[in-house]
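The values are calculated or read from the model by the stated rules, or taken from the named source; none is laboratory data. Because the structure is predicted, anything quoted here is derived from the model rather than measured. Quick reminder, even Gly has a Cβ in these numbers, built from the backbone with ideal geometry, and neighbours come from all protein chains shown.
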Amino acid sequence: MLVFGDVTRLERADALCVDLAAQLRDLEHQPPGVERHAALVGILLKAGELVQGLSDVEFEKMSADDISARRDIGSLLLLDLARLVLRSWHQGLSGPLAVPARVTALLPDLRAPCSLCVKEAEGYSFYGLYPEAYAEAAMRSGLAANTSVIGIRSIGTSLSAMVAAALGAAGPVTLRPTGPPFQRHIAVAPRLSHRLLSDPRARFAIVDEGPGLSGSSFGSVADWLEDHGVGDRRIHFFPGHKGGLGPESSSCHRERWAASHRHVLDVDDLLFESRHGLESWLRELIGPLEGPLEDISAGAWRKTLGDDLHAWPAVDRRFERRKFLAHTTNDTWLVKFAGLGDVGQRKLLKARLLAEAGFTPPVAGLCHGFIVEKWVAGRPVAPSEFRQTKFIEHLGRYLAFRERRLPLPSTSGASLSKLCEMATVNTEEALGKAAALRLKELIGNAERYERFLRPVDTDSRLHRWEWLADGERGFLKTDALDHSAAHDLIGRQDIAWDLAGASVELGLSTQQSAHLRAVVSEGCSRAMNADLVAILELCYLAFQLGLWISAKPAAAAEEVPRLEATASRYAKLLLRRMEDERA
């Protein structure tokens with residue numbers, strides 16, 4: 001099934017350096033606290049993207065990772081910033097924080113007038129991965145300062161700096177695995193190979209997020225080390241979780257992983273064991289808490305919908321963010337992971353714009369990656385209400401507002417041709433070749449609409465349980481911040497994608513869908529093409545079908561029937577829509 005996609009963007013190296021210098025100047029004027037610490041971590045992450053992009057430019061030229069003056073400067077910059085983050089963390093986010101003169105002195109040497117392809121770090125954006133956890137794991141590892149630290153690009157660029165800083169080691173080396181997703185390999189030039197292998201007693205720390213389905217990125221580095229005479233007892237892994245390798249891993253990698261030295265600090269240990277963890281951050285923002293945070297992650301939020309488990313919607317744990325309820329004397333707040341650094345800041349801006357317009361709950365602020373918004377215990381919108389004029393016009397105004405007022409996401413989405421390819425592949429895998437051929441015939445030459453598309457920050461999740469009957473406007477949209485920049489292949493799309501999603505999810509009739517198109521067209525000052533929306537409905541259904549089918553292997557046993565029922569619903573709707581289009 002085609003479901004996932006990589007989130008990348010183009011950045012200018014010189015512009016990133018200018019931005020980093022400005023943020024470092026601002027940092028020294030900020031008062032101590034979680035906001036200053038979060039800003040410092042954001043600077044480390046942005047510097048990691050700069051160094052990653054520059055390293056990949058050199059890698060592309062040589063088809064191998066090698067030594068260079070620029071890479072050594074980037075490593076020193078990251079090491080200095082990681083030491084600052086570590087100092088701030090160990091000071092309890094308080095106390096003085098002076099930026100070393102060398103940090104700003106190094107930036108001009110990285111101001112190359114070139115474009116970089118920056119890969120958004122999934123762990124920092126989606127999965128609640130904190131660089132501080134890697135530093136804590138390193139300090140508990142028992143490894144010495146002569147450890148050779150290797151970061152796996154992309155996210156390993158900044159994570160390895162945190163490990164090196166915590167060990168008192170030299171600046172890390174980063175490597176880029178390439179090749180098929182489940183059979184990665186690395187290419188190391190002779191000079192860098194000599195540097196890495198120069199100390200026969202040194203241990204190696206390999207740093208990355210994951211492992212995922214195969215763990216082949218970790219495995220590729222360990223394979224290279226073993227091929228060059230490094231015994232497996234000298235190899236230490238710093239992953240993002242304590243689990244094993246996924247089902248696509250090789251048997252030799254699984255055996256090595258099971259017997260290996262692995263150093264992990266769970267994010268919950270970081271957030272809740274530390275005296276300056278999440279609850280202390282929240283107290284700065286919303287005041288004293290009446291009790292411990294209530295974890296509603298991984299579908300536990302469905303308890304708020306009632307006790308009828310059969311009525312609960314299915315959840316896909318792969319896309320579920322960490323989320324909690326925080327109770328204060330007067331209010332209850334939703335605390336949801338939104339992303340570290342610029343990612344979280346962009347979502348905070350979006351949340352405030354939507355809340356001020358009355359479309360979403362009020363927002364308190366951002367706590368080092370967690371958006372904090374008012375928990376509204378409103379009544380779920382009844383199925384019959386979705387087809388009433390009042391709701392359809394509210395939905396139309398909401399979608400038009402997103403198109404007009406929300407900043408354009410920094411990352412791109414799938415092209416219309418890519419959506420059509422996804423729809424054909426998913427349909428064939430789920431429903432057979434004949435159904436896929438029918439779909440391809442109906443989609444036809446969809447690319448003719450490409451020039452009319454205007455990608456925006458779409459909602460992309462207009463499911464029934466996402467709506468509450470509450471607020472000054474009569475309805476509130478929940479979970480409205482993440483989905484056009486999620487870890488899937490859809491990304492930002494024309495607002496017509498949301499028209500298609502609304503028609504499917506809310507069961508709108510032909511007349512109701514036409515009414516919604518008219519409201520959105522008026523609000524956006526451009527006509528929404530009905531034929532384009534019809535094509536996108538087919539693509540939307542095929543994507544949802546692939547999404548829920550592919551969620552089954554990683555699901556808990558009690559969740560599987562819900563996933564199967566959800567996938568079956570989309571399959572029936574897709575077949576029905578294809579028959580209707582042919583009639």
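Before moving on, here are some points about what is shown:
- Candidates F182, F218, F238, filtered to the one that is touching a residue at least 60 places away in the same chain (Cβ under 8 Å), surrounded by fewer than 21 Cβ atoms within 10 Å (Cβ to Cβ) and either assigned by TED's automatic domain parsing to the domain that holds M139 or among the charged types (D, E, K, R) (or both): F182
- Only one of the listed residues (S525, S513, S521, S503) is under 25 Å from G5 (Cα atoms), without any contact (Cβ under 8 Å) to a residue 40 or more places away in the chain and among the hydroxyl-bearing types (S, T, Y). That residue is S503.
- Checking each residue in region 551-583 for being surrounded by 20 or more Cβ atoms within 10 Å (Cβ to Cβ) and either at positive phi or of a type in the set (S, T, N, Q) (or both) picks out only T566.
- Within region 230-311, helices (runs of 4 or more DSSP H) holding 3 or more residues that are within 30 Å of A202 (Cβ to Cβ): 251-259, 267-273
- Out of S217, S198, one residue alone is in a helix (DSSP H, G or I) and small (G, A, S). It is S217.
- Lone qualifier among V335, V363 - being among the β-branched types (V, I, T), in contact with a strand residue (DSSP E or B) (Cβ under 6 Å, 6 or more places away or on another chain) and closer than 21 Å to G277 by Cβ: V335
- Close pairs (8 angstrom Cβ cut-off, 6 or more residues apart or separate chains): basic (K, R) in region 323-352, part of a helix (DSSP H, G or I) anywhere: K323/W301
- One residue alone among G396, G432, G369, G413 is outside the structural domain of P131 (by TED's automatic domain parsing) and modelled with pLDDT under 95, and that residue is G413.
- Hits in region 312-329 (condition: in a loop (DSSP other than H, G, I, E, B) and within 30 Å of P31 (Cα to Cα)): R321, R322, T328, T329
- Restricting A430, A355 to those that are among the small types (G, A, S) and under 23 Å from the mean Cα position of the chain (by Cα) reduces the list to A355.
- Scan of region 197-224 for residues that are within 20 Å of G171 (Cβ to Cβ) and of a type in the set (S, T, N, Q), ordered by number: S198
- Residue count for region 375-394, restricted to those that are surrounded by 13 or more Cβ atoms within 10 Å (Cβ to Cβ) and touching a Leu at 6+ places or on another chain (Cβ under 9 Å): 10
- Residue among A434, A414 that alone is part of a helix (DSSP H, G or I) and aliphatic (A, V, I, L, M): A434
- Residue satisfying condition, being of a type outside the set (D, E, K, R) and assigned to a loop (DSSP other than H, G, I, E, B), within set L481, L419: L481
- Residue match in region 162-175 (condition: assigned by TED's automatic domain parsing to the domain that holds K61, part of a loop (DSSP other than H, G, I, E, B), surrounded by fewer than 23 Cβ atoms within 10 Å (Cβ to Cβ) and in contact with a Lys or Arg (Cβ under 8 Å, 6 or more places away or on another chain)): no
- Count - residues of region 136-156 that are assigned to a helix (DSSP H, G or I) and closer than 19 Å to L225 by Cβ: 2
- Pairs meeting the criteria (first residue in region 428-449 and closer than 17 Å to L545 by Cα, second residue surrounded by fewer than 18 Cβ atoms within 10 Å (Cβ to Cβ) and not aliphatic (A, V, I, L, M), beta carbons under 7 Å, at least 6 apart or on different chains) are A436/E428.
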